[in-house]
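Here's the structure, in structure tokens; my notes come after.
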Amino acid sequence: MTAYPSWTPAPRPGIIPLQPLTFGTILGRSFSALRHNPKVLLGFAMVVQTIAYLVVTIAISAVAFASFSRLDTVPAGTDEWDAVLTGSITLTALSGLVLGLLAGAVGVLVQAVVISDVLHAAVAEKMTLRMLWQRVRPVAWRLIGYTILLSLAIGVIVIIVGGLIAVLAVAVPAAAVILGILVILAAIPLSLWLSVKLLLVPAVLIVEHTSLGAALGRSWRLSRGRFWVILGIIVLVSLVFGAVAQVVSIPFSFLASALTTVIAPTGDESAAAIIGIVATLGLTQIVTLLIQSVAVIVQSTAAGLVYIDCRMRHEGLDLDLLEYVDRRDAGEAGLPDPYVVHIGRAVQPRWPAAYAQPAPFAPPPGYVMTPQSAAVSTSASPTPATPTADPASSTPPAGPDDDQTTWAMPR
């Protein structure tokens, strides 16, 4: 009995098959990968998000209270009162901006831990938070610096463009309105394009320990040919969690209104009414932090999977991962990190792998084409005939197909 080869799926020791990934695989695994290590990822994300939120809220409140309380020391309606008010607003706004940048910088550490976990989960390794942090710690300051520089660059551009529009509004208001609309319309595709091209910078910093400039260039190159896939993943994940946040906020809004009506039906601001409202707002914020934590984990997982996919396509990373898994399962110890073995290796495009085209028809070994067979092979007839051998020779082997080519033994 003849055994015919059958299709078999790619090996999947971890959360993904070890082959270049499709759009659906990346999107689906971005949501389901949280189940691989939920205690570490969700717990760490919740703790960091909660601490950052409390620190930012308390600090901004303290700055606002200290600055605006000075208004009680000066007469209202005077120039001094106006100066204190302007200074208080400016100081509070700057404090919020700085603290927001610091909170974002801390948030990138959550992304780094999640990406590190995804790299190990791809080869079926479940790591502790301490192990993940050991991988992130050497590049933590580079990640924080990248986040702050990116935020500052965006802020400077916004301030410059906003200032130009404000100056134009004084001279030609209609032109300023038109320019503002055009700037907003241009900013949307530009921000999406930059989001795609810079998505892999944290993963490159974590895995390859490059400089910031090299990480920017590497992310730019790896994302070539995958722009629309990456853009679709970014947009869909953002839309999903935006919709979830809206759906969750509606019941809590009704709950706050209902508690206010039940506790204080006459509108009296009693202590019970205030406590009820504060409790509702606190519960709402807890649920919001939970959603934000899950959103950060899913977005970071997607970034890690996109990094793995791009390196599989450009550098054959799947071959390194398969070799690592085979050697590890065979009991070998002290194996090198498969993600750093062949960084920057160039391979021929292998995926999506169209079925290989058959090689041009060739004579069997030891036979040559006669002039008659060459003429017949170039004819318009696509149907080959049975090959015949030279009469002086013994019975020649049949050709690979039933074709019109004739074969002759070399003399």
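Bear in mind that the values in this text are calculations on the coordinates, not laboratory data. Note that the structure is a prediction, hence the values are computed from the model and not measured. Cβ placement follows ideal geometry from the backbone for every residue including glycine, while neighbour counts extend to all protein chains displayed.
Highest average first, the peptides 304-315, 225-236, 322-333 ordered by how many other beta carbon atoms sit within 10 Å of their residues are 304-315, 225-236, 322-333. Per-residue extension of 0.36 nm, minus the Cα-Cα distance of residue 89 and residue 74, leaves a gain of 3.8 nm for this segment. Counted over all Cα-Cα pairs of the stretch 27-126, pairs farther apart than 16 Å make up 67 percent.
Taking θ as phi - 60° and the Karplus parameters 6.51, -1.76 and 1.60, the scalar couplings of the stretch 335-344 work out to 6, x, 5, x, 7, 10, 5, 10, 5, x Hz in sequence order, x denoting glycine and proline. Remark: the residue 177-residue 131 segment gains 11.2 nm on full extension, using 0.36 nm per residue and subtracting the alpha carbon distance. Using θ = phi - 60° in the Karplus curve 6.51 cos²θ - 1.76 cosθ + 1.60, the 3J(HN,Hα) couplings for the stretch 40-48 round to 6, 5, 5, x, 5, 5, 5, 4, 5 Hz; x is entered for Gly and Pro.
The label point for residue 209 and the one for residue 252, both projected 7 Å from the Cα toward the Cβ, are 4.2 nm apart. Extending 7 Å from Cα along the Cβ direction at residue 345 and again at residue 167 yields two label points whose distance is 5.4 nm. Taking θ as phi - 60° and the Karplus parameters 6.51, -1.76 and 1.60, the scalar couplings of the stretch 74-82 work out to 10, x, 5, x, 8, 5, 5, 5, 4 Hz in sequence order, x denoting glycine and proline.
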